[in-house]
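The values are calculated or read from the model by the stated rules, or taken from the named source; none is laboratory data. It should be emphasised that the depicted structure is a prediction, and the values quoted were computed from it without experimental measurement. Because the Cβ atoms are built from the backbone with ideal geometry, glycine has one as well, and the counts that use them run over all protein chains shown.
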Amino acid sequence: MACRFGEDYFSGVGSGYKSGYTWKTVSHLLWSQFRHVAFHSQYTSGRWLDAGCAKGFLLNIASQYGWEPFGFDISSYAIKEARSVCPRAHLLVLDAQSPLPFPSDFFEVITACELIEHLTRPENFIKEAYRLLKPGGLLFITTPNVSSIIIGFPLMKNVCQAIKYPPFDDESHVSYFSSKSISKLLRRCGFSKVKTKHSWNLLWRVNLHIPGPVGGHYSPLRIVKVMEDGC
């Protein structure tokens, strides 16, 4: 599968990155994600794992604010790029659906931005994330929201798939979630506090938070989970 996520993929071939996955095209989203984590996390420093870290842009932001950066991606091309972007990061080529080589209760923050829709067994990753987080740690996930008003109806979903409308323009997407289904999955994997926000990124430049089910019809549904002490 790793060969599917080479340089061509990050240049827009078979993916949603039609303008390329570069700092210029995604920095506004990554800063928004970093601010969300900083706001919701009870920790202000520690170990930060970015699962599906791509070129390491988010880890580089976290590193600048004092976090110890860890990341992995199934793409060896992406990890090579990430080593240049964030030299301080501990980086590995790994499959998110496999057991991860870290001890339990190791991370204060785990982010998985636009990852779980690529996984045939997303519950494997979420169970591992639960194991790896410290009590009080935070798991932050973004993923397309298929319960939005645009693609939530079966007929519209079929139309969106036919015309490759986001998020169906990415050929590697295999798992889709609504707010209800992702919350249910997180709880089934052990998480007890789950918060969701619906967002719409206008032309990938303006990040709006608006009420569901309108939000997320173009870009991620944000899932923020804070573990209870002692979990």
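Things to note:
- Within segment 53-74, residues that are under 20 Å from Arg4 (Cα atoms) reach partners that are surrounded by fewer than 23 Cβ atoms within 10 Å (Cβ to Cβ) and β-branched (Val, Ile, Thr) with beta carbons closer than 6 Å, at six or more positions or on different chains, in the pairs Lys55/Val85; Gly56/Val85; Asp73/Ile79.
- Being among the aromatic types (Phe, Trp, Tyr) and surrounded by 19 or more Cβ atoms within 10 Å (Cβ to Cβ) holds for only one residue in Phe39, Phe72, and it is Phe72.
- Of all residues in segment 1-24 being modelled with pLDDT under 80 and among the aliphatic types (A, V, I, L, M), the one that is surrounded by the fewest Cβ atoms within 10 Å (Cβ to Cβ): Met1
- Against the test of being under 16 Å from Gly137 (Cβ atoms) and modelled with pLDDT of 95 or more, the options Phe39, Phe107 yield a single qualifying residue, Phe107.
- Restricting segment 121-140 to residues that are over 15 Å from the mean Cα position of the chain (by Cα) and either part of a strand (DSSP E or B) or of a type in the set (Val, Ile, Thr) (or both), the residue that is surrounded by the fewest Cβ atoms within 10 Å (Cβ to Cβ): Pro135
- Segment 172-188 - residue that is within 15 Å of the chain's Cα centre (by Cα) and aliphatic (A, V, I, L, M) and, of those, modelled with the lowest pLDDT: Val174
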